[in-house]
1. Lys and Arg at +1, Asp and Glu at -1: add these up for the other residues within a Cβ distance under 15 Å of residue 93 and post the number.
2. Give the separation of the Cα centroids, region 183-235 to region 100-131, in Å.
3. With 29 Å as the limit, write out which pairs from 50/182; 54/145; 115/182; 47/182; 50/149; 50/195 have Cα-Cα distances beyond it, or answer none.
4. Put 232, 132 in order of accessible area, largest first, 1.4 Å probe: what do you get?
5. Which of the trypsin sites (Lys or Arg not before Pro) found in region 40-100 are in a DSSP loop and have at most 10 neighbouring Cβ atoms, other than their own, within 10 Å?
6. Hey, could you pull the Cα Rg and Dmax for region 1-147, both in Å?
7. Say the dipole of the chain comes from +1 at the beta carbon of Lys and Arg and -1 at that of Asp and Glu; which of 184, 75, 125 then lies farthest toward its positive end?
8. Could you please report the charge total around residue 199, scoring K, R as +1 and D, E as -1 over all other residues with beta-carbon less than 13 angstrom from its beta-carbon?
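The values are calculated or read from the model by the stated rules, or taken from the named source; none is laboratory data. Keep in mind the model is a prediction, meaning the values are calculated, not measured. Neighbour counts are summed over all protein chains in view; Cβ atoms, including those assigned to glycine, are modelled from backbone coordinates with ideal geometry. These area figures cover heavy atoms from the full protein model, side chains too; ligands, DNA and RNA do not enter into them. Shrake-Rupley method; radii C 1.70, N 1.55, O 1.52, S 1.80 Å.
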Amino acid sequence: MTFFRELLYPRRCPGCDEILFQKEWSRGFCQTCDSKITRIGDAGCIKCGKPLQKVQEEFCYDCKRKHHFFEENRGVYVYRGPMKLAMYRLKYSNRRCYAKTFAREAYEAHGLWIKEKGIQCIVPIPMFPGKMRARGYNQATVLAKELGKLAGLPVYDNLVFRVRNSTPQKELNDIERKNNLKNAFKIRKSDVKLKKILLIDDIYTTGATMDEVCRTLRDGGVEQVYCLSICMGEGRE
């Protein structure tokens with residue numbers, strides 16, 4: 001059965017979309033792409049997880065001057081090279097199969113951290129319903145469900161929902177991003193008292209979207225929100 005499945009749906013490298021050799025299955029990337037990928041591990045900013053400009057520092061430029069509504073964020077890969085194309089295919093080319101590789105590496109890097117924080121459930125960053133219908137899926141939900149299987153945690157993909165569409169964040173500056181997201185999210189009432197949540201997103205840049213969702217969760221009664229992003233942007237912003 002596995003043989004025929006591999007013939008029909010061969011495993012592909014998220015970085016270049018080429019079929020993987022069997023010896024590459026365990027890693028999830030082809031050797032060429034794997035050599036070009038930078039994994040962050042525990043070497044990022046202790047607040048947001050973004051790659052640091054100077055190894056001896058604890059906080060990135062952003063976190064030295066900004067207040068975040070999350071407790072901590074952790075990242076898996078630096079958003080450059082093969083990971084840029086990998087994220088594009090995950091979001092726009094229906095390569096949902098890549099989520100298994102990303103979730104596995106996320107759990108290998110931060111599984112112990114998730115357990116130590118006492119996380120009760122995983123929540124994906126919500127997508128506006130119209131955009132969800134057009135795309136057919138929310139990549140953050142796909143990632144959250146794969147990570148939930150590995151961590152043994154439930155995924156609440158309807159706890160937070162987006163009530164207002166907005167201009168794509170990449171087209172705005174830092175101040176515009178904050179104003180763009182005001183009152184864009186709401187939280188549903190839950191019979192379960194949630195104290196500690198892990199929020200999942202695909203790419204972290206300034207953190208404006210993540211902060212607004214975290215603020216909504218905190219206003220709704222969640223005591224602590226931790227975050228995990230598959231890719232982390234570089235630079236000050």
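1. On the way: positive: 12, 84, 89, 91, 95, 96, 135; negative: 17, 18, 202.
Charge balance in the 15 Å sphere: +4.
2. Measuring centre to centre over Cα atoms gives 11 Å.
3. Where the Cα-Cα span goes over 29 Å, the pairs concerned are 54/145; 115/182.
4. Details: 232 0, 132 70 Å².
Of 232, 132, the descending order of accessible area is 132, 232.
5. Answer by residue number: 54.
6. Just the Cα atoms of region 1-147 yield Rg and Dmax of 16.9, 55 Å.
7. 184
8. Numbers: positive: 74, 117, 196, 215, 218; negative: 71, 72, 157, 201, 202, 211, 212.
Surrounding charge for residue 199 is -2.
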